[in-house]
Amino acid sequence: MAECTEPGLLAKLDQIPCLAVHPRQVEELSGGLTNRNLLVSTATGRYVARCAQSDTDLLGIDRDHEHLNSRAAADAGVGAPVIDYRPDLGVLVIAYIDGVTYDNGDFQRQGVLDRVAEAMRTLHVGPRFAGDFDMFVRQRSYLGIVREHGMHLPSSYLDYDERFQQIRQALTANPAATVPCNNDLLAGNVVDDGTKIWLIDYEYSGNNDPCFEIGNTAAECALSDGQLAELVTAYYAQDRADKVARTRLQRIVSRYGWALWGYIQAATSPLDFDFTAWGDERFDGAAAELGGSGFAGLLEQMYADDARSAR
């Protein structure tokens, strides 16, 4: 970690009592794509200051909801405690979790999927979140922004819209009860303190279908179809073929929608990061499944499983 010496950021910290304690050490944490995340160490404790910097309006981030839902996740026992929130400064302060931040390789280790599933369940049975999250609504909003501003969009993106809408019809034909979801569980938002798994970063949190949470995690953490099924089984504590089909469809939804997030970031973010390639990777993954020979069978399986579940 590198020391943060940026005067503007340090001046913000001086306006927050728990961070204004001197002497202090302020270090940059890696991994943030819409925030500058600072580790602030003082005699009274260690804190993470999440300093907003991306265009939150274009990305659909509600910072007040992020704050409220971070508190709810902490109350559930799986989110870091919230210490302070200064919307005037664009800063959310949470306690630092002393643990190992995962990468995709960690999800290949034996037992990790079971532990992540347990953390998801803990979050999902916790207090309801402020606001709902619907990727179909968000995807339409993102698409409008991309087209209005002439941002990068693959020439074949809209070729898959009809099948994307078929997924929407299939999912809404038998809607799932929503639960409080993080909706952005990439590996970097999973922290292992050696005893328990913590889930961090609630920028995109909202009440949602738990199968989106699982499918999005499978997409972001590069899980195979077999590992996706294993994560579903661990989450529901039993074999659920119907939920596997639903989760695979939600994985497609995740990739197709978040790809547009990447294109918006490519046009607006000050970070030195290849957001276009990030978006293309997700679109390519969605297109491979939307255009694949197994797509119709996946829809049929879900409809059939839903019909059996309704009997």
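Highest GNM mean-square fluctuation, the chain, Cα pairs closer than 10 Å: which of Pro81, Pro270, Pro210? Fluctuation is largest for Pro270.
What ranking do Val125, Val191, Val40 get, fewest neighbouring Cβ atoms within 10 angstrom at the top? Present the calculation step by step, with values, prior to reporting the outcome.
Details: Val125 10, Val191 19, Val40 23.
Fewest-to-most Cβ neighbours within 10 Å comes out as Val125, Val191, Val40.
About the centre of its Cα atoms, the chain shows a dipole size close to 660 debye [charges on the beta carbon of Lys, Arg (+1) and Asp, Glu (-1) only; nearest 20 debye].
To the nearest 10 degrees, how steep is helix 135-148 against the longest Cα principal axis of the chain, on a 0 to 90 scale? The answer is roughly 70 degrees.
Which of Ala229, Ala277, Ala287 moves the most in a Gaussian network model of the chain with Cα springs under 10 Å? Taking springs between Cα atoms under 10 Å, the residue moving most is Ala277.
Rounded, prolate or oblate: which fits the stretch 206-269, taking a ≥ b ≥ c as square roots of the Cα gyration tensor eigenvalues, rounded meaning a/c under 1.5, else prolate when a/b beats b/c? Prolate, since a/c reaches 1.5 and a/b exceeds b/c.
Residue exposure proxy: Lys12, Lys196, ordered by other Cβ atoms within 10 angstrom of their Cβ from fewest to most, comes out as Lys196, Lys12.
Would you kindly state how much longer the chain becomes between Asp284 and Thr44 on full extension, computed as 0.36 nm times their sequence separation minus their alpha carbon distance, in nm to one decimal?
Details: separation 240, 0.36 × 240 = 86.40 nm, distance 4.73 nm.
Full extension from Asp284 to Thr44 adds 81.7 nm.
Taking Arg255, Arg168, Arg71 as the candidate residues, the one with maximal mean-square fluctuation in a Gaussian network model of the chain, Cα springs under 10 Å, is Arg168. Fewest-first ordering of Cys4, Cys18 by other beta carbons within 10 Å of each residue's beta carbon gives Cys18, Cys4. For the chain, the relative contact order is 17 percent, taking Cα pairs closer than 8 Å that sit 6 or more residues apart in sequence and dividing their mean separation by the residue count. Label-to-label distance, Gln227 versus His152, with points set 7 angstrom from Cα along the beta-carbon direction: 2.6 nm.
If I stretch the segment between Asp114 and Gln169 completely, what's the gain in nm (0.36 nm per residue apart, minus their alpha carbon distance), one decimal? Mind showing how you got there, number by number?
Numbers: separation 55, 0.36 × 55 = 19.80 nm, distance 3.08 nm.
Gain in length upon complete extension: 16.7 nm.
Estimated purely from DSSP H runs of n ≥ 4, each contributing -39500 (n - 2.57), the mean residue ellipticity at 222 nm for the chain is -15000 deg cm²/dmol once divided by its residues.
What percent antiparallel are the DSSP beta bridges of the stretch 101-310, to the nearest 5? Write out the running numbers ahead of the final one.
On the way: 7 of 8 bridges.
Counting only bridges with both partners in the stretch 101-310, antiparallel ones make up about 90 percent.
For Cys51, what charge total do you get from the other residues with a beta carbon under 14 Å from its beta carbon, if Lys and Arg give +1 and Asp and Glu give -1? Local net charge: -4. Farthest toward the positive end of the dipole of the stretch 132-267, out of Tyr160, Val137, Val179, is the Cα of Tyr160, where the dipole comes from beta carbon charges about the Cα centre. The Cα atoms of the chain define a convex hull whose projected area, averaged across directions, is 16.1 nm².
FYI, it's all coordinate maths here, none of it is from the lab. On a predicted model such as this, the values are computed, not experimentally measured, just so you know. Using ideal geometry, Cβ is built from the backbone for each residue, glycine included, and neighbour counts are taken over all protein chains shown.
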